[in-house]
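> So that we are looking at the same thing, I have put the structure below in structure tokens.
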Amino acid sequence: MDISSGAGYPASSLSNFAGHRFIIDDVECYSMEGFLQSLKFKSEPMQGEVCKLIGKAAKFKGKHKKWWLTQTLYWKGKEYKRSSEAYQNLLNRAYKAMYEQSESFRNALHATHNSSITHSLGKNDMTHTVLTTSEFCGRLIKLRQNKTL
């Protein structure tokens, strides 16, 4: 099953563009894309605003941020190196929060049953994306299997 916002259900509902509300570290997020794009902004108030965006609005808000030049991302006043374990832990916490708090996300994920999960639109080079295809698909599979992130 290829996850994308233009696909049918449940694949479209598993896209980071899909609207699924969750709270992480007292910040309300309206979509995973909003959360991911917010990581490109150092300002906490701006992060809060970006977290409230969904789909393309979120994507385009962070599109021109050149975070890859320093490989540094931000969350709640803390810097994260893209390649760090701390950054992976932050991603795990975000996906776990969305899974636990969004019934629509959980339902879509479990509707995939045992299908393979792919993301052909994603990038594989971690120096050029805040979430690689393998990081994304791997988290979905672990959550579907009720494994700890």
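The values are calculated or read from the model by the stated rules, or taken from the named source; none is laboratory data. What you see is a predicted model; the values in this text were computed from it and never measured. Don't worry about glycine lacking a Cβ; one is built from the backbone with ideal geometry, like all the others, and counts go over all protein chains shown. Heavy atoms of the whole protein, side chains included, go into the accessibility calculation; ligands, DNA and RNA do not. Shrake-Rupley method; radii C 1.70, N 1.55, O 1.52, S 1.80 Å.
> Which residues, counting only those in the range 126-140, are in a helix (DSSP H, G or I), without any contact (Cβ under 8 Å) to a residue 40 or more places away in the chain and not small (Gly, Ala, Ser)?
Within the range 126-140, Thr133 is the sole residue that qualifies.
> In the range 12-27, is there at least one residue being at pLDDT below 95, open to solvent by 60 Å² or more (accessible area, probe 1.4 Å) and touching a helix residue (DSSP H, G or I) at 6+ places or on another chain (Cβ under 9 Å)?
No, because not a single residue in the range 12-27 is at pLDDT below 95, open to solvent by 60 Å² or more (accessible area, probe 1.4 Å) and touching a helix residue (DSSP H, G or I) at 6+ places or on another chain (Cβ under 9 Å).
> For a quick check of your reading of the model, give me the residue pairs whose first member lies in the range 86-114 and is farther than 17 Å from Leu149 by Cα, whose second is in a helix (DSSP H, G or I) and of a type in the set (S, T, N, Q), with beta-carbon atoms closer than 9 Å and at least 6 apart or on different chains.
Ser104/Ser13; Asn107/Ser13; Ala108/Ser12; Ala108/Ser13; Ala111/Ser13
> Now for a separate question. Residue check: is Met1 under 22 Å from Lys147 (Cβ atoms), in contact (Cβ under 8 Å) with a residue 60 or more places away in the chain and either open to solvent by less than 50 Å² (accessible area, probe 1.4 Å) or of a type in the set (Val, Ile, Thr) (or both)?
Working: under 22 Å from Lys147 (Cβ atoms): yes; in contact (Cβ under 8 Å) with a residue 60 or more places away in the chain: yes; either open to solvent by less than 50 Å² (accessible area, probe 1.4 Å) or of a type in the set (Val, Ile, Thr) (or both): no.
Against the criterion (under 22 Å from Lys147 (Cβ atoms), in contact (Cβ under 8 Å) with a residue 60 or more places away in the chain and either open to solvent by less than 50 Å² (accessible area, probe 1.4 Å) or of a type in the set (Val, Ile, Thr) (or both)), Met1 does not qualify.
> Here is a follow-up. Tally up the residues in the range 15-68 that are within 23 Å of Leu121 (Cβ to Cβ) and β-branched (Val, Ile, Thr), please.
Residues meeting the conditions: 2.
> If I ask for residues that are touching a residue at least 24 places away in the same chain (Cβ under 8 Å), of a type outside the set (D, E, K, R), open to solvent by 50 Å² or more (accessible area, probe 1.4 Å) and in a loop (DSSP other than H, G, I, E, B), which ones from the range 38-78 would you list?
Ile54, Gly77
> Quick check on my filter: what residues within the range 91-140 are among the β-branched types (Val, Ile, Thr), buried (at least 16 other Cβ atoms within 10 Å of the Cβ) and more than 23 Å from Val27 (Cα to Cα)? Break it down into steps so the answer makes sense when it comes.
Taking the range 91-140 as the starting set, the residues that turn out to be among the β-branched types (Val, Ile, Thr) are 112, 117-118, 127, 129-130, 132-133.
Next cut, buried (at least 16 other Cβ atoms within 10 Å of the Cβ) only: 112, 117, 129-130, 132-133.
The answer is Thr112, Ile117, Thr132, Thr133.
> Here is a follow-up. State all residues of the range 79-90 that are among the polar types (S, T, N, Q) and open to solvent by 70 Å² or more (accessible area, probe 1.4 Å); if no residue qualifies, say none.
Correct list: Ser83, Asn89.
> Tell me which residues, restricted to the range 10-37, are more than 18 Å from Cys137 (Cβ to Cβ) and assigned to a loop (DSSP other than H, G, I, E, B).
Asp25, Asp26
> Is it the case, given these coordinates, that Ser84 is farther than 25 Å from Tyr9 by Cβ and of a type outside the set (Val, Ile, Thr)?
yes
> Check off (1) open to solvent by 90 Å² or more (accessible area, probe 1.4 Å); (2) free of Cβ contacts under 8 Å to residues at least 60 places away in the same chain; (3) closer than 18 Å to Ser5 by Cβ; (4) not acidic (Asp, Glu) for Thr148 and give me the number that stays unchecked.
So the condition that Thr148 fails would be (3).
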